[in-house]
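One structure is given here, and the rest of the page talks about it.
The values are calculated or read from the model by the stated rules, or taken from the named source; none is laboratory data. Quick caveat, the model's predicted, so the values are computed rather than measured. Heads up, the Cβs are rebuilt from the backbone with ideal geometry, glycines too, and the neighbour counts pull from every protein chain shown.
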Amino acid sequence: MAASASASASATGLFNTKLKVGLSRISSQDRSPLGVKVKAAQWASLQAEIEAHLRKSIPVKEPVDVFEPMKEVALGAPVSSVPAICLAACEVVGGERRKAMAAASALLLNLANAHAHEQVVLADAVPAPGPGYGRNIQLLTGDAIVPFGFELLAKDEASSERVLRVIIEISHAVGSGGLLGAQHMKKTLDLDLESARRVVEKKEGALHACGAACGAILGGGTEDDIQRLRLFGFHVGIIRGMLQRGFNHQQVHADTEVALHQLQFFNPSHLLLISTFIHS
């Protein structure tokens, strides 16, 4: 029994050592110019898959004035890493990427709707997408693509229990406790470190946490897997949101450490893609 325990401890130690070396190698590569190019290519590939799925899913039929703007609004919003982290998290727990495609698409559609609303209310809003699309069409189309995203999820082949959970996750992340709340807070708070972090926690933090959790749910992850990837996504969102607002890496160092720690519980061979989300 003692020999067995010793062998088990030795195997565990070897696994942890390999994992630390692997994460260190990934981190080093990600900071290099080559790592940046690889990361950009990987994300572009994920985004392209999601957009291709949406192009195939959004019908082009009568009335064209309704369905054509849906594609324009859905695919014209700024690219976000939230849908991509959903696909990556699915693979971390051993699931196939396609299992999370409907959820990633629904996330993209919800983000596109939020962007459409922001552009309508901004005084310096950019021109509406597509020829002849007024603000009214942009706003109404944004509202239309949200239920369409949930329709894609409802038709998904995953178990109804997991799909329902994902629908609830997304609803919470984009609602008043998440994205909408952050949009309101942004108008009322100063841009100091503490206030910026509060906004980022509700927006980028909550959205990336949702994306990662949804991927884990649909990939068949355990409850521990889901919560670890949710925490990973939350801190990844904070890192990305704070850096995008002009804060430095030192100010998000603790978030980087927490995010990396969550990955230690997963198969190292599944971590190459998702680890690239840590370093912006």
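Taking first residues from region 252-280 that are free of Cβ contacts under 8 Å to residues at least 12 places away in the same chain and more than 15 Å from Arg228 (Cα to Cα) and partners that are of a type outside the set (Phe, Trp, Tyr) and in a helix (DSSP H, G or I), the Cβ contacts under 9 Å between residues at least 6 apart in sequence or on separate chains come to Ala254/His235; Ser269/Gly22.
Are any of the residues in region 76-86 outside any helix (DSSP H, G or I), over 13 Å from the mean Cα position of the chain (by Cα) and at pLDDT below 95? Checking region 76-86: at least one residue is outside any helix (DSSP H, G or I), over 13 Å from the mean Cα position of the chain (by Cα) and at pLDDT below 95.
Regarding Glu72, is this residue acidic (Asp, Glu) and either within 21 Å of Glu204 (Cβ to Cβ) or at pLDDT below 75 (or both)? It is false that Glu72 is acidic (Asp, Glu) and either within 21 Å of Glu204 (Cβ to Cβ) or at pLDDT below 75 (or both).
Filter region 119-175 for residues that are over 19 Å from the mean Cα position of the chain (by Cα), among the aliphatic types (A, V, I, L, M), under 27 Å from Phe234 (Cβ atoms) and at pLDDT 85 or above and give the result. Once the filter is applied, which keeps residues that are over 19 Å from the mean Cα position of the chain (by Cα), among the aliphatic types (A, V, I, L, M), under 27 Å from Phe234 (Cβ atoms) and at pLDDT 85 or above, region 119-175 yields only Ala154. Taking the criterion of being without any contact (Cβ under 8 Å) to a residue 40 or more places away in the chain and either of a type in the set (Phe, Trp, Tyr) or more than 21 Å from Ala103 (Cβ to Cβ) (or both), the only residue of region 66-89 that qualifies is Phe67.
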